[in-house]
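**Student:** Questions regarding the structure given below will be posed in turn.
The values are calculated or read from the model by the stated rules, or taken from the named source; none is laboratory data. Since the structure is predicted, the reported quantities are computational estimates derived from the model, not experimental observations. Don't worry about glycine lacking a Cβ; one is built from the backbone with ideal geometry, like all the others, and counts go over all protein chains shown. Just so you know, the surface numbers come from the protein's heavy atoms only, side chains and all, with ligands and any DNA or RNA stripped out. Shrake-Rupley method; radii C 1.70, N 1.55, O 1.52, S 1.80 Å.
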Amino acid sequence: MFTWIFIFWFMQINKCVSDFTYNISSCYYKISEEFHHEGDVVIGAFFPLHTFHTRKEKPHSTIPYYYLDNKIQYNFKNYQYILTLHFAIEEIKGNPSLLPNMSLGFDFYNVRFTGKYIHSNTFNWLTALGLRNYLPNYNCKKRNFTAALTGTSWITSALTGTLLQLFKFPQITFGPYDFRLSDCGQYPSLYQMAPKDISLSVAIVSLVVYFKWSWVGLILPDDHKGNIILSDFREEMERKGICLAFVKMTPATWTSYFAKFWENMDETNVTIIYGDIDSLEGVMRNIEQRLLTWNVWIMNIEHHIIDIADYFVLDPFHGSLIFKHNYRENFEFTKFIQTVNPNKYPEDIYFPKLWHLFFKCSFSDINCHVLENCQTNASLDVFPRHVFDGAMSDESRSIYNGVYTVAHSLHEMRIQQLQMQPYGNGEGMVFFPWQLNTFLKDIELKDKRSLDWRQTIDTEYDILNVWNLPKGLGLKVKIGSFSANAPQGQQLCLSEQMIQWPEIFSEIPQSVCSESCGPGFRKVTQEGKSICCYKCTPCADNEISNDTDVDKCVKCPERHYANAEKNNCFQKSVSFLTYEDPLGMALASIALCLSALTAFVIGIFVKHRDTPIVKANNRALSYILLITLTFCFLCSLNFIGQPNTAACILQQTTFAVAFTMALATVLAKAITVVLAFKVSFPGRMVRWLMISRGPNYIIPICTLIQLLICGIWMATSPPFIDQDPHTDYGHIIILCNKGSAVAFHSVLGYLCFMALGSYAMAFLSRNLPDTFNESKFLSFSMLVFFCVWVTFLPVYHSTKGKVMVAMEVFSILASSTALLVFIFGPKCYIIWLRPDKNSFNHIRKKTPSRRKNFPKI
C-alpha cells in the first residue's frame, strides 16, 4: 500500500514539474543566469547548472551561438555546487580563527556550452570577472578577486586556464583529477582539488573478481583520460583473468542517433562506465531513453541527467554500483540544506526558479526575485533524491575544499602582510590575484590528511548501491569499501546481502562468455576467441580439478588416484593376489585339490605296484613324475599371498626346477620306450642301457642345466618386489618383478625345448605295440604342455597386475594337469575300472598276434 501511495505522490510531483515546464513564466528569461554574493574578497565560480540542447541547429538571426530549437535541461543536482559555496563561506565566516574581520563572496557564472563554444565564452567569463580592473593604471571598482573555481570537465578547466594563465590568475578545479592539468609548465596557476584515481581500476576489477564476472563491457570517453584508464583496466583485467566483451569510446560530439554505439550491448550483463559528468552526459541520457535495465552499471560518477517529464517507474540505473572517494560525511551540510530558502540568499537567482517549479510559487509582477503564494515549510530536503540529493557529492566536496584552500591561503598572506606592514586608516587587505599562488602552492605541498578541511585518501573508495525502484526513491546505500593500503585479500569489504540488483535479476547476476567449467573439467581456449570464451573438457586419467574454471588439471601423486568425478585424489589401497580374493581362493583350492589328486594317484600306484601296468611303464619313473607333479601343483601357491623377496625368488626357482624334473622324467620315459622297441644298436649295448637304467640319468642332467640357468639368473638380476600403480584403478598392486626378462624367457624356452624333445621321442614310438604302451599319451600330454606355454607368453605380456599373476598360476596348473591326466588317467582307468586288462593272462593272449610286428634285435 505504501509503495502505491509513494508512486502516486511521485507522479504528482512529476506532473507538477511537467506542467510548469511547459508553462514557464517570462521571469525565467528575465532573470539573469549570473549573480553576485557580496564579500570583501570574491571567488569566481563557473558551474554547469543547466545546459542547452539542439538537434537541427537553426541559428538565431541576431544572438550568436543561440539556436531557435534550443531546449533547456536543468541539472538540479548541480545546484548543490552553489549551496556548497554558501555553506563553506558561512562556516569560514563563523570561524574566528580563520580570516577574522574579512568576508568571502563569489561571482557565479553558468557554464552554458561545451565543445566549440566554450573558448569564446571563456573570454566572456574573464571579461565579466573584471580582469580589466587589474590592467595597469585601471581600477574603477575596488573588488578583490582571488581565484576561479572551474569544472566539472577537464576541457572547461583547460580552455579557461589557457586565458587565466596569461594573468597568472589562480584557478582551482573541482572536476575529476586530470594529469594534463597538473603540467606546471602549461598551467602554473592551476590547482586540482579532486584526489587522484590511482587505485580506481584496481578497485573496480577487485569487485568484478569478487562476483566472478569474467565478461564485462567498458564505456570510456574518447580522450587522453579514456586511453589511460583503458590501459590500466586492460593490464589489471589480464592479470585477473577478466575479458572485455566490448570497449566503446564515447564520441566528442554525442548525438542520440548514434545507433551503432549501442550494438552488441547485450553481450554482457555488467558494464563499466568511466569518465566525468560532461563526457558521459550523452551516454547517461541514451541509457535512460533506451531503458537498458538488463545491465549492472559500475560507475565512477553519479547519474546526473534528470528528465523531469519522465513517467517511467523503472530506472535503468537501479542496482548500479558507484565508486566514490572515501570522505567523512558532513552532517552539518545536510542540516544546512534543510534550512536554506529564497529569503536567506535573495541574490541567488536559482532559488526562485526551484521554488517556482516544485512548490507552485508564483513570481511577483513587480520583481521576478520575489515569490508569492509559497508554502511556509518548503525545503530542499523534500525533493526526490534523483532530482536533488542532500548528501555532499564528490564535486561539491572539491568545491568545499577549494574554498577552504583559498581561505587558508588568504589567511597566510594576510598574516605575512601584517607582519611586514600593519594596516592603517581602516584599510583592508590589498593584493593582486597572482600573489596568492605562492600560498596556494605551499598548501598544496602539505599532507592532505593533516588538514581537517581535506579529508580524503587517494587509495580509498566507498562503494554505493543505487536504490531507485520505483524511480524517484534515489537512495545511494553504502554497501562496501575498498582500500588499496589494506593487506592483500582484505582490500575489498562488501555487505553482499544489502545489494539490490536490477529488477531483471532475482539473484547475483552472472556475466560470463562461457559457462564455468566445474570440478573435474578444465578450460580449452577456442581459437580466434577471447580466453574467456572456452569449452570445457574432462580431466585426463588420474588428473583432477577441484575448482572451477581451471586451465590445467593436476595429476594425482603416484600413490593416489582420482575419483570418478575427477575432483579429488584418494590414497590407493595396496592390492595383490590374496587367498581371500575370489580368484586367489579359487586358484589355491584348485592347486590343493590337484595336489591331493596326485597324491591319491601315487597311493594307487603304490598299492598296485606289482601289477603289469605299473611295472611295464617304468615304475620308478612314474613315481618320480607323480612326486614332481605334486611339487608343480604346490609351487603355484608361491604366487598367491603378499609377495616378499624370498617368495619372489622361490616362485621362479621352484617352478623352473619342478617342471624341469617333470619334463626330464617324461623324456626319460619316452627314450626308454624308444630304446626298447626302435633302437637298432647291437643287442649287448641295448641290454646294457636297459640294465644300467641309462635313461634315468637324463633327469639329473637336465635338472642341473636348469639349475645353472637359474643360478646365473639369481646372481645377475634376481626377481624383486615391485609395485604397479596403474593397472588396477585405485589400487597399488604389489607383485614380483622377474628382474631379468632374458633369464625368465630362457627358463621358459628351456622347458619348451624339453617338451619338444619329449614330444619327438614319444612321437617316434606312437605305433609300437599298445599293450601298456604310453607313447601316445606322452606325446599328447607334451603337445598340450607346449600349447599352454606358447599361448601363455602373449597373454602374459598383454595383462598386468593380479591378472598376470593369475595367468601364470593358471598355466602352471593347466600344464601340470595335462601331464597328470593324459599320462596317468588311462592307467588309473585300467586299474580301477578294467582290472581284467591289468593281468598277465590278458598280456599273453594279445602277445602272439603282435609278435610278427616286433623288430628283430
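**Student:** First measure r as the distance between the Cβ atoms of residue 708 and residue 592, then evaluate 1/(1 + (r/R0)^6) with R0 = 25 Å and state the FRET efficiency to the nearest 0.05. Don't skip to the answer; put the middle values down first.
**Tutor:** Values: r = 32 Å, r/R0 = 1.26.
Working from the Cβ atoms, E equals 0.20.
**Student:** If DNA, RNA and ligands are ignored and the probe is 1.4 Å, what is the ranking of 339, 817, 152 by accessible area, most exposed first? Present the calculation step by step, with values, prior to reporting the outcome.
**Tutor:** Details: 339 75, 817 35, 152 5 Å².
Sorted descending by solvent-accessible area, the residues read 339, 817, 152.
**Student:** Which order do 288, 808, 496 take by accessible area at a 1.4 Å probe, largest first? Let's see the in-between values first.
**Tutor:** Details: 288 25, 808 5, 496 70 Å².
Final ranking, largest accessible area leading: 496, 288, 808.
**Student:** Students often get this wrong, so check it: of 607/669; 240/324; 168/344; 225/335; 344/441, which have C-alpha atoms separated by over 28 Å?
**Tutor:** Values: 607/669 21 Å; 240/324 22 Å; 168/344 35 Å; 225/335 36 Å; 344/441 35 Å.
Table pairs above 28 Å Cα-Cα are 168/344; 225/335; 344/441.
**Student:** In addition: Find how much the distance from residue 212 to residue 366 grows on full extension, using 0.36 nm per residue of separation minus their present alpha carbon separation; answer in nm with one decimal.
**Tutor:** Numbers: separation 154, 0.36 × 154 = 55.44 nm, distance 6.34 nm.
Taking residue 212 through residue 366 to full extension adds about 49.1 nm, to one decimal.
**Student:** While we're on this one: Tell me which of 530, 494, 516 sits at the most positive position along the dipole axis of segment 485-541, charges placed on C-beta atoms (Lys, Arg +1; Asp, Glu -1).
**Tutor:** The residue sitting farthest along the positive end of the dipole is 530.
**Student:** Along the charge dipole of segment 545-686, pointing to its positive end and built from +1/-1 on Cβ of Lys, Arg, Asp and Glu, which listed residue (601, 635, 570) has its Cα farthest out?
**Tutor:** Value: 601.
**Student:** Now a separate question. What whole-number distance in Å separates the alpha-carbon centres of segment 225-247 and segment 346-398?
**Tutor:** Comparing the Cα centres of segment 225-247 and segment 346-398, I get a distance of 43 Å.
**Student:** Could you tell me the ratio Rg/Rh of segment 695-754? Both radii from Cα atoms, Rh via Kirkwood. Please report the intermediate quantities before stating the final value.
**Tutor:** On the way: Rg = 15.7 Å, Rh = 13.4 Å.
Radius of gyration relative to Kirkwood radius: 1.17.
**Student:** Tell me, in nm to one decimal, what length is gained between residue 571 and residue 507 on full extension, where the rule is 0.36 nm per residue of separation less the Cα-Cα distance?
**Tutor:** Taking residue 571 through residue 507 to full extension adds about 19.1 nm, to one decimal.
**Student:** Taking the full set of protein chains and a 1.4 angstrom probe, give the accessible area of residue 180 in square angstrom, rounded to the nearest 10.
**Tutor:** Accessible surface of residue 180 is approximately 110 Å².
**Student:** Related question: Using a 1.4 angstrom probe on the protein heavy atoms only, line up 705, 337 by accessible area, largest first.
**Tutor:** Sorted by accessible area, descending: 705, 337.
**Student:** Dividing the convex hull volume of the Cα atoms of segment 699-842 by its residue count, what figure in Å³ per residue is obtained?
**Tutor:** Working: hull volume 19.5 nm³, N = 144.
Value for segment 699-842: 136 Å³ per residue.
**Student:** Another one. P(r) for segment 456-536: what percent of alpha-carbon pairs falls in each 5 Å bin, starting at zero?
**Tutor:** P(r) over segment 456-536, rounded to whole percents: 3, 12, 13, 13, 12, 15, 17, 10, 4, 1.
**Student:** Then there is this: Keeping all protein chains in the complex and leaving out DNA, RNA and ligands, what accessible area do you get for residue 182 with a 1.4 Å probe, in Å² to the nearest 10?
**Tutor:** Its heavy atoms expose roughly 50 Å² to the probe.
**Student:** Hey, got the dipole for segment 354-425? About the Cα centre, +1 on K and R Cβ, -1 on D and E Cβ, debye to the nearest 20? Could you put the intermediate results ahead of the total?
**Tutor:** Numbers: 4 positive and 7 negative charges, 26 e Å.
Roughly 120 debye for segment 354-425.
**Student:** Ok, one more. Please give the charge dipole size of segment 563-649, origin at the Cα centre, charges +1 on K and R Cβ atoms and -1 on D and E Cβ atoms. Round to the nearest 20 debye. Write out the running numbers ahead of the final one.
**Tutor:** On the way: 6 positive and 4 negative charges, 77 e Å.
Dipole about the Cα centre, nearest 20: 360 debye.
**Student:** Measure off 7 Å from each Cα along the Cα-to-Cβ vector at residue 294 and residue 606, then give the distance between these two points in nanometres to one decimal.
**Tutor:** Rounded to a tenth, the inter-label distance reads 9.5 nm.
**Student:** Hey, another quick one. Below 8 Å, C-alpha to C-alpha, sequence gap of six or more: please give me the relative contact order for segment 471-548 in percent.
**Tutor:** After rounding, I find 21 percent.
**Student:** Further question on the same structure: How much FRET efficiency would the formula 1/(1 + (r/R0)^6) give for residue 334 and residue 558, where r is the Cβ-Cβ distance and R0 is 51 Å, rounded to 0.05?
**Tutor:** Approximately 0.15, to the nearest 0.05.
**Student:** Moving on. Using the C-alpha gyration tensor of segment 226-296, what are the square roots of 5 times its eigenvalues, in whole angstrom, with the largest one first? List each step's numbers first, then the result.
**Tutor:** Details: eigenvalues 97, 48, 21 Å².
Calculated on Cα positions only, the semi-axes equal 22, 15, 10 Å.
**Student:** With every protein chain left in place and a probe of 1.4 Å, what is the accessible surface of residue 626, to the nearest 10 Å²?
**Tutor:** Surface open to solvent at residue 626 totals about 0 Å².
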